[in-house]
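Let me begin by presenting the structure, written as structure tokens, before commenting on it.
The values are calculated or read from the model by the stated rules, or taken from the named source; none is laboratory data. Everything numeric in this text was worked out from a predicted model, so none of it was measured. With ideal geometry, Cβ positions are generated from the backbone for all residues, glycine too; neighbour counts draw on all protein chains shown. Surface accessibility is based on the protein's heavy atoms, side chains included, excluding ligands, DNA and RNA. Shrake-Rupley method; radii C 1.70, N 1.55, O 1.52, S 1.80 Å.
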Amino acid sequence: MPDILVRGGTVVTAEGRRRADVLCSGERIAAVGEGLDRPAGAEVIEAGGCFVVPGGVDPHTHMQLPTMGTVVADDFLSGTAAAAAGGTTTILDFAGPDRGEPPLEALARWQGWAERAAIDYSLHMTVSWWGERFAAEMEQLVRERGITSFKFFTAYKGRMMLSDEDLIAGFARCRELGALPQVHAENGDLVEYLQRKLAAEGVTGPRGHPLSRPPALEAEATFRCITIAEAVGVPLYVVHVSAGGAAEAIARARRRGQRVVGETLPGFLHIDASVYESPDFDFAAGHVMSPPYRPKEHQEALWRALAEDGLSTTGTDHCCFTREQKRAGRGDFLRIPNGCGGVEQRMEALWHLGVGSGRLTPERFVALTSTGAARAFNLWPRKGSLELGADADLAVLDPARTHRLSAEAQHQRTDFSVWEGLEVKGAIVHTVARGRHVWCDGDLRAVAGAGRFLPRRPFGPVYDGVLA
Ligand code: URP
Ligand code: ZN
Ligand code: ZN
């Protein structure tokens, strides 16, 4: 692998920016400074007029996930290749045991699939059921396998939803082991009640989806989980925050000094619930995910929380299906596979919507696309930084280049994009992933299996200083 000299750009980190070259030697950052010499044989990436940022860390993806009677469209190779084309060099995906399946068995399955990943990856564990065996195996997962974050659900009743009693036990087990609980927060009992009510009223189309999952259900469950985490004495990471009330609950807790980290998705900042009113089934169903896109007014609350650090990370919940897969839910919105894509568009969309509008500085953009997640999940400074010795993961963003996002142009393996037609200003023109030049001005050079599993250390007994 030749050395790579990224020359003439403006290097941006979460702390600040300066004109500097970056030298990648093998898999590591070897130098950052002005006027660096080009080592013999080094490849040069000309970055004049561009920003050079740490490679993106997407803390929330679902590659190859079997769900709702099908399997998501992107596997670990296609999904990570698409990620690289969008400047992301690390993903954190979720291993998900079947009901009653020992989590160590699920982990082995996911690690087998993930061997084809083109960029580095780590894994969270979904707590899809709770019991003594799950609690017991968590010790091995945390201490020996590097799985130090566990996602709990307050929704999906009859499948993954846990009672408050089990949430308390699970959060307490995380605390004992120095692991981080994550939560998908929606009140699953109320979702089920509303789903029945809508069925009785004859609502069968996609517009029933947001009606069955209103924002207050997310705000309630978020506040409940924050309360449980506070009582148990453990930090909390709240995934895919979409509702203003949920973002405000997190921001309030943080102001009080509680360690709660909130993640939102760029789509929640731009796409609103009117998509579900479309008479075009493919379009409406293509946007079905949980929690759903919200009425426009929630977007202001999310932007505010991002600006004042109430929300600290952006993920994608990348979980994409083709139009044909979504058609399983024609005539019954409950059967529409839940999930949308976006791992490829996250960085360009957030730059365009956030930096382009003046709501985010480039530094905050870096915090929100890599550093925050790397810190929250104990991957920093190896990931999410451009420090000497860090992994040579970076993206070059040309702020002057515009292009139109579309399903046709994307590398994600689906014929649908929630970003269809958005003209973004700011394009990822190069991506370097652990020293490999994987995206070169439109040329995707992803290599199956080039990505490595990133085991993570447990947090210290007091979760010392590592959270975003
Ligand atoms: O609809 C979604 N978000 N599907 C993926 C699973 C989850 O809840 O994160
Ligand atoms: Zn979720
Ligand atoms: Zn998810």
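Quick notes
- A straight chain from ASP166 to ARG255 at 0.36 nm per residue would run longer than the Cα-Cα distance by 29.3 nm.
- Assigned charges on the beta-carbon of Lys, Arg, Asp, Glu; the chain dipole about Cα centre (debye): 420
- Residues whose amide H comes within less than 5 Å of that of HIS124, counting only those at least five positions distant or on another chain, are ASP93, PHE94, ALA95 (H built at 1.01 Å from N in the peptide plane).
- By accessible area, using a 1.4 Å probe on protein heavy atoms only, the chain has 50% of its surface on carbon and sulfur.
- Cα centroid of the stretch 292-315 to Cα centroid of the stretch 324-360, whole Å: 15
- Computed label-point distance, nm, for sites GLU408 and SER278 using a 7 Å Cα→Cβ extension: 1.6
- Averaging the Cα positions of each part gives two centres, and for the stretch 224-286 and the stretch 1-59 these lie 34 Å apart.
- Computed over protein heavy atoms with a 1.4 angstrom probe, the accessible surface ordering of TRP130, TRP419, largest first, is TRP130, TRP419.
- Of GLY87, GLY146, GLY208, farthest towards positive along the dipole that unit charges on Lys, Arg, Asp, Glu beta carbons give the stretch 77-209: GLY208
- Using alpha-carbon coordinates, inclination of helix 76-85 to the longest axis of the chain, degrees: 50
- Site-free segments of the chain were taken between GluC sites (Glu not before Pro) in DSSP loops having at most 12 other Cβ atoms within 10 Å, sites themselves excluded; the longest one is 35-200.
- Here is the list for the stretch 234-278: trypsin sites (Lys or Arg not before Pro) lying in DSSP coil, each with at most 15 other C-beta atoms within 10 angstrom of its C-beta, are ARG256.
- Computed from the C-beta positions of GLU192 and ARG109 and an R0 of 35 Å, the FRET efficiency is 0.75 to the nearest 0.05.
- Rounded tilt (10° steps) of 297-307 against the dominant C-alpha axis of the chain: 40
- Folded to 0 to 90 degrees: helix 164-177 orientation relative to the chain principal axis, Cα: 30
- Counting heavy atoms of the protein chains alone, SER122 has an accessible area of about 0 Å² for a 1.4 Å probe.
- Extent of the chain along its three principal axes (Cα atoms, max minus min coordinate, largest first): 70, 51, 41 Å.
- Contact order relative to length of the chain, as percent, for alpha carbon pairs under 8 angstrom and 6 or more apart: 23
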